[in-house]
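Worksheet for the structure shown next.
The values are calculated or read from the model by the stated rules, or taken from the named source; none is laboratory data. All values derive from a computational prediction rather than experimental measurement. In this analysis, Cβ positions are derived from the backbone assuming ideal geometry, glycine residues included, and neighbour counts consider all displayed protein chains.
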Amino acid sequence: MLSYFLAIFAGAALSLSFSFFTWQFSLLAFLSYSLLFSVMAGKRNFIVGFVGGISFFLPSLYWIVPTLKKYGGISYFLGSIALFALAAYLALYFGLFSWSLKFLKGKRIYFSPFLWVGLEILREALFTGFPWGSLGYTVSADLPFLQWASLGGVYFLSFLMVGFALLLQRKRLLLALFLLLLFHLGGFLMIGPYVRGTIKVAVLQNRWDFSPPITPAKAREVLSQYENLGNKAVEEGVDLLVFPETTIPFIHLSETYWQDYVKGLSSRWGTWLVFSATWVEKGRFYNSVFSISPDGRMWRYDKIHLVPFGEYNPLPFLRRIIPRIAMEIGDFSRGRGISLLRFQGEKFASPVCYEAIFPELVREMVEKGAEFLVNVTNDAWYGKTSAPWQHFYQARLRAVENRRYLIRGASSGISAVVDPYGRILQRSQIYRTEFIKGSISPRKNLSFYTITGKYQRIFYPAFSLFLFAFLLVRGIFRRNPI
């Protein structure tokens, strides 16, 4: 019984590190996961890992319930069931890891970090993927430690955390502390100096919460607020002006009227714009981002990784069972592939909303030539919860992984300018109407992770599969010698 209590305690403590991003909670992440790993390695069954996973994901994702209530009309009771169902699914990976440790006896347990990362990558891929809350994000406030993401991404951070927990479980305390200090020293040496950027950028943010009903009058009021913010930003001198995702839901930039309107803003201000809007083509709707030059040229990226139950309905029978939530689900189509946007002579990528939590997608964008990143998102759905902070710190790690500047424009969320080492140069507050300014520089050199990430992504699951196949065959031959 004590094992299950400790698993609950450790999972809940770990969830705090994914909600409060300070160095104290990053330290708590190392300690709480070490306790959880020790419990799983001691009990070695599915249930104890599953319980630890549930106690991590339930408090980490609590914001799902008020979001469903406010924007989907779902009762708190049904919302709680949905939350528990999602947390239970995600906790399966914790349970599988715990159960698998029974096969890694003795020194074979040193292979466990590979198994953990293999399961995290599987979680990113299966059923459209949901990598929210990977272990590496719980130490997001530990800037020196984060630098190792440029070698192996967020999953390498997870690998290292499991490795440290393993050493503590094996009572190798001095070795664990020595390696932890060594990795922090190495990470500190990786951090480059502050460099003044060559491109002046401004990000506009409005506190509109998108609560229904959204009327044309309200949309015009919000659009007027954005124009006023843009006027003030331009007066201070900017080269690139970023609007957040879903600036106004009614705007379809495929319509001539709205194209002329937005191009007119860019021309009048004499600055490039990054603008988010719906694009309609051959009866299909796309959640799109545009870069627009002062002379009226326009480039477009259509979102590839859509939000299930938000932007499309993966379960059509919901339209019959729960008409209200089915009505609230968008009907967007998936973009055909990665397309880079332009700013003057530079190329950049603009992952939309939660696309920024998918490391492989952003890595591919940079590999294809993106010289900086612009993440536009609408975080109004989350309200004043921990979700906007979770979303931001996950997106921030994409800058470190790929050594690219990140500009983030968020409706009612956290807008920011982040440098290639994860330092937050400018940041807004949630639910505040304001604009922030910063400077960035395009970068062409690729990080080790950007170059090798696709192979690393294959290696961890493949190695785990090979390991279990080897142990299975070895066990069979031991029981049935020839």
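If you go through segment 315-355 and keep only what is in a loop (DSSP other than H, G, I, E, B), at pLDDT 75 or above and under 26 Å from GLU124 (Cβ atoms), you end up with ASP331, PHE332, SER333, ARG334, GLY335, ARG336, GLY337, ILE338, SER339, LEU340, SER350, PRO351.
Within segment 235-266, the residues that satisfy the criterion of being acidic (Asp, Glu) and either closer than 13 Å to ALA202 by Cα or not assigned by TED's automatic domain parsing to the domain that holds ALA219 (or both) are GLU235, GLU236, ASP239.
A search for C-beta distances below 9 Å between a residue of segment 169-182 that is over 17 Å from PHE111 (Cβ atoms) and touching a residue at least 12 places away in the same chain (Cβ under 8 Å) and any residue that is polar (S, T, N, Q) and not in a loop (DSSP other than H, G, I, E, B), counting only pairs 6+ apart in sequence or on different chains, returns ALA176/SER34.
Residues in segment 389-444 that are in contact with a Phe, Trp or Tyr (Cβ under 7 Å, 6 or more places away or on another chain), over 19 Å from ASP379 (Cα atoms) and of a type in the set (Phe, Trp, Tyr): TYR405 alone. Quick one: is GLN225 in the same structural domain as TYR382 (by TED's automatic domain parsing) and in contact with a Pro (Cβ under 9 Å, 6 or more places away or on another chain)? Taking the combined requirement at face value, the residue does not satisfy it.
Table: residues versus (1) among the small types (Gly, Ala, Ser); (2) surrounded by 13 or more Cβ atoms within 10 Å (Cβ to Cβ); (3) touching a Lys or Arg at 6+ places or on another chain (Cβ under 8 Å).
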{"site": "GLN169", "(1), (2), (3)": "no, yes, no"}
{"site": "LEU173", "(1), (2), (3)": "no, no, no"}
{"site": "LEU177", "(1), (2), (3)": "no, yes, no"}
{"site": "LEU182", "(1), (2), (3)": "no, no, no"}
{"site": "GLY192", "(1), (2), (3)": "yes, no, no"}
{"site": "ILE199", "(1), (2), (3)": "no, yes, no"}
{"site": "ARG207", "(1), (2), (3)": "no, yes, yes"}
{"site": "ALA219", "(1), (2), (3)": "yes, yes, no"}
{"site": "LEU229", "(1), (2), (3)": "no, yes, no"}
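Pairs linking a residue in segment 30-48 that is within 20 Å of PHE103 (Cα to Cα) to a residue that is of a type in the set (Lys, Arg), with Cβ atoms under 6 Å and 6 or more positions apart or on different chains, are ARG44/LYS102. Only a single item in (1) under 30 Å from SER386 (Cα atoms); (2) surrounded by fewer than 17 Cβ atoms within 10 Å (Cβ to Cβ) is not met by ILE121, and it is number (2). Return a yes/no flag: does segment 55-65 have any residue that is within 21 Å of PHE145 (Cβ to Cβ) and more than 21 Å from the chain's Cα centre (by Cα). No, segment 55-65 has no match at all.
Cβ-Cβ contacts under 8 Å between residues 6 or more apart (or on different chains), taken from a first residue in segment 352-371 that is among the basic types (Lys, Arg) to a second residue that is surrounded by fewer than 20 Cβ atoms within 10 Å (Cβ to Cβ), are listed as ARG363/LYS454; LYS368/ILE338; LYS368/LEU340.
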